[in-house]
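Participant: First, the structure itself, so that you have it in front of you.
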Amino acid sequence: MTDNALNESLGYAYEQARERLRKALENAGRAQDAATLLAVSKTKPAAMIRQAWQLGQREFGENYLQEALEKQAELADLDGIVWHFIGPLQSNKTRSVAEHFDWVHSVDRLKIAKRLSEQRPTNLAPLNICLQVNISREESKAGVLPEALEALAKEVAALPNLRLRGLMAIPAPAEGLDAQRQPLAALREALTNLQSSLPDAPLDTLSMGMSDDLEAAVLEGATLVRLGTAIFGARQTA
Ligand SMILES: *Cc1c(COP(=O)(O)O)cnc(C)c1O
């Protein structure tokens, strides 16, 4: 594709995605600023991120550290860009994540949270954290189980260089709005419970809703929706 064709197809998809979020919020009876669009740019080139930025997008989500660092270096001139790390996080990667991201959505263990707090440069704002919850209780999937969430949240909330902002989940795929809503409602209830057990934590974020379940997530109170395919098109599978 030529640059112009790329521009046009991304521009169209981006406006469609924005319109989808606008309608979903309207149908849910929520304010237009009640949910923020996070553009998930994993596997997509820096040039596409730059185009999305030119269209007004500021929040970007990445899953793979090395790929993300390379794109960040290429895009260092873009003002106001906010980087979210949303992929699986091993201990040996925490330092780079703590140094180069504004948010991490995939924290599910105290050990990782402690390292992020210790390694967060003190000249930067505290790192915003969402705890990833294995809300569909899938075997061998990432995320803290719901019954272990409160204990983990209390420990993470006490770490000095982090701000515990909320919860993230990737529910098991489900067909139809009602089936999609169930795990998302459970995540919302889990956040409500945490808000009462940790009244001093800045818990304002429900990171849920992807290209396939955006409408269900907005109905259940998502505040940060993570769209990849809907904005950037299908990803090449390895
Ligand atoms: C890839 C990814 C997304 C985006 O998924 P799409 O279905 O392409 O919208 C959202 N969240 C996480 C954690 C992801 O890994």
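Participant: Once you charge only the Cβ atoms, +1 for Lys and Arg and -1 for Asp and Glu, what is the size of the charge dipole of the chain about its Cα centre, to the nearest 20 debye?
Facilitator: I would put it at about 460 debye.
Participant: Using a Gaussian network for the chain with springs between C-alpha atoms less than 10 Å apart, which of these wobbles most: A190, A172, A201?
Facilitator: Between A190, A172, A201, it is A172 that shows the largest mean-square fluctuation.
Participant: May I ask you to give the solvent-accessible area per residue for the chain, in square angstrom, as obtained with a 1.4 angstrom probe?
Facilitator: 49
Participant: Taking the full set of protein chains and a 1.4 angstrom probe, give the accessible area of D200 in square angstrom, rounded to the nearest 10.
Facilitator: My reading of the accessible area for D200 is about 150 Å².
Participant: Alpha carbon centre of the stretch 126-195 versus the stretch 27-43: separation in Å?
Facilitator: 18
Participant: Using the charge dipole of the stretch 83-238 (Lys, Arg: +1 at Cβ; Asp, Glu: -1 at Cβ; taken about the Cα centre), state which of Q180, T205, S96 has its Cα farthest towards the positive end.
Facilitator: S96
Participant: Find out how many positive minus negative residues lie around D213, taking Lys and Arg as positive, Asp and Glu as negative, among other residues whose Cβ is under 13 Å from that of D213.
Facilitator: Here the charged neighbours net out to -2.
Participant: Below 17 Å, Cα to Cα, which aspartates and glutamates can K71 reach? Residues fewer than 8 away in the same chain don't count.
Facilitator: Within the straight-line cut-off, K71 pairs with E59, E62, D79, E99, D102.
Participant: Please give the net charge around V156, taking every other residue with its beta carbon less than 15 angstrom from that of V156, where Lys and Arg add +1 and Asp and Glu add -1.
Facilitator: Spelling it out: positives minus negatives among the neighbours equals +3.
Participant: Continuing with this model, one more query. Compute, for E138, the solvent-accessible surface of its heavy atoms (probe 1.4 Å) with the complete set of protein chains present, and express it in square angstrom to the nearest 10.
Facilitator: 50
Participant: Determine the percent antiparallel among the DSSP beta bridges restricted to the stretch 26-138, to the nearest 5.
Facilitator: 0
Participant: Tell me what the chain gives for mean residue ellipticity at 222 nm when only DSSP H runs of n ≥ 4 count, each as -39,500 (n - 2.57), the sum divided by the residue total, rounded to 500 deg cm²/dmol.
Facilitator: Helix contribution divided over all residues of the chain: -13500 deg cm²/dmol.
Participant: Next up: Using only the Cα atoms of the stretch 65-116, what do you get for the radius of gyration and for Dmax, in Å?
Facilitator: Just the Cα atoms of the stretch 65-116 yield Rg and Dmax of 11.3, 34 Å.
Participant: Run the reach check for K141 against aspartates and glutamates, Cα to Cα strictly under 17 Å, same-chain hits fewer than 8 apart removed. What comes back?
Facilitator: D108
Participant: Would you mind computing the Rg to Rh ratio of the stretch 136-236 from its alpha-carbon coordinates, Kirkwood style for Rh? Please report the intermediate quantities before stating the final value.
Facilitator: Working: Rg = 14.4 Å, Rh = 14.5 Å.
My calculation of the ratio gives 0.99.
Participant: Also, I was wondering about something else. Ranked from highest to lowest mean number of other Cβ atoms within 10 Å per residue, what is the order of the peptides 180-187, 219-226?
Facilitator: In descending order of packing, they fall as 219-226, 180-187.
Participant: Could you pull out every one of the aspartates and glutamates with an alpha carbon less than 12 Å from that of K114, ignoring same-chain neighbours closer than 8 positions?
Facilitator: The qualifying aspartates and glutamates are E155.
Participant: When you have a sec, figure out the Kirkwood radius of the chain from all distinct Cα pair distances and drop it here in Å to one decimal?
Facilitator: 18.2
Participant: Net charge near F101, counting Lys/Arg +1 and Asp/Glu -1 over other residues with Cβ under 15 Å of its Cβ?
Facilitator: In short, +4.
Participant: Express in Å², to the nearest 10, the accessible area of K114 obtained by rolling a 1.4 Å probe over the protein heavy atoms while all chains stay in place.
Facilitator: So the heavy atoms of K114 present about 100 Å² to solvent.
Participant: Give, rounded to the nearest 20 debye, the magnitude of the charge dipole that the stretch 1-116 has about its Cα centre when Lys and Arg contribute +1 at Cβ and Asp and Glu contribute -1 at Cβ.
Facilitator: 640
The values are calculated or read from the model by the stated rules, or taken from the named source; none is laboratory data. A quick note: this is a predicted structure, and the numbers were derived from the prediction, not measured. When we count neighbours, we look across all protein chains shown, and the Cβ atoms used for this are built from the backbone with ideal geometry, even at glycine. Only protein heavy atoms, including side chains, enter the accessible area calculation; ligands, DNA and RNA are left aside. Shrake-Rupley method; radii C 1.70, N 1.55, O 1.52, S 1.80 Å.
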